[in-house]
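Take a look at the structure set out below.
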Amino acid sequence: YNLITGENDGLGLASRFEVLDIGVDPWNAGELSRRLKDAGIEVVDVAQTIARLSEPSQKLEALVASGGLDHGHNPIFSWNARNATARRDANENVAPDKKPARRARIDGISALVNALHRMIHHEAAEEPEEWVTFIGGEGEA
């Protein structure tokens with residue numbers, strides 16, 4: 001929350017970037033959504049269903065296949081990517097899923113798919129690289 005709004009230091013991402021809205025998984029996100037809305041940021045629920053996530057997940061697959069995804073060697077995102085797999089249904093819908101592992105986390109992948117969902121909604125003319133920015137330290141891929 002503070003990273004987005006800059007509540008503590010005024011250096012939030014919302015003041016440095018044109019944030020049109022933020023897509024959130026509505027599950028247990030009531031407090032976060034309320035605080036973001038109170039800060040003047042539009043919040044859009046992105047239900048984590050395969051039907052809702054399929055188009056942005058396909059966009060992510062295309063970015064990865066084309067080499068168009070650069071996460072700046074962020075070690076946490078790299079770890080999330082190693083833990084992720086694609087879940088597909090009978091209708092060829094796709095969504096991110098965790099590989100069976102005790103401590104697998106895919107939060108970064110899920111957040112990226114939510115961001116791509118919102119980007120697609122806004123039908124941006126720019127390429128995704130110009131719309132999605134990763135924030136974090138450098139590390140090994």
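Annotation: amide H-H contacts under 5 Å for Gly23 (H modelled 1.01 Å from N, sequence separation of 5 or more, or interchain): Val44.
Could you compute how fast segment 51-112 diffuses translationally, taking Rh as the Kirkwood radius over C-alpha pairs and applying Stokes-Einstein at 25 °C with viscosity 0.890 mPa s? Give it in µm² per second. The Stokes-Einstein estimate is 202 µm²/s. The chymotrypsin sites (Phe, Trp or Tyr not before Pro) of segment 1-109 that DSSP puts in a loop, and whose beta carbon has at most 14 other beta carbons within 10 Å, are Tyr1, Phe17, Trp27.
Since every read-out is calculated from the coordinates, none of them should be taken as a lab result. The structure presented is a predicted model; accordingly, all values stated were derived computationally and were not measured. In this analysis, Cβ positions are derived from the backbone assuming ideal geometry, glycine residues included, and neighbour counts consider all displayed protein chains.
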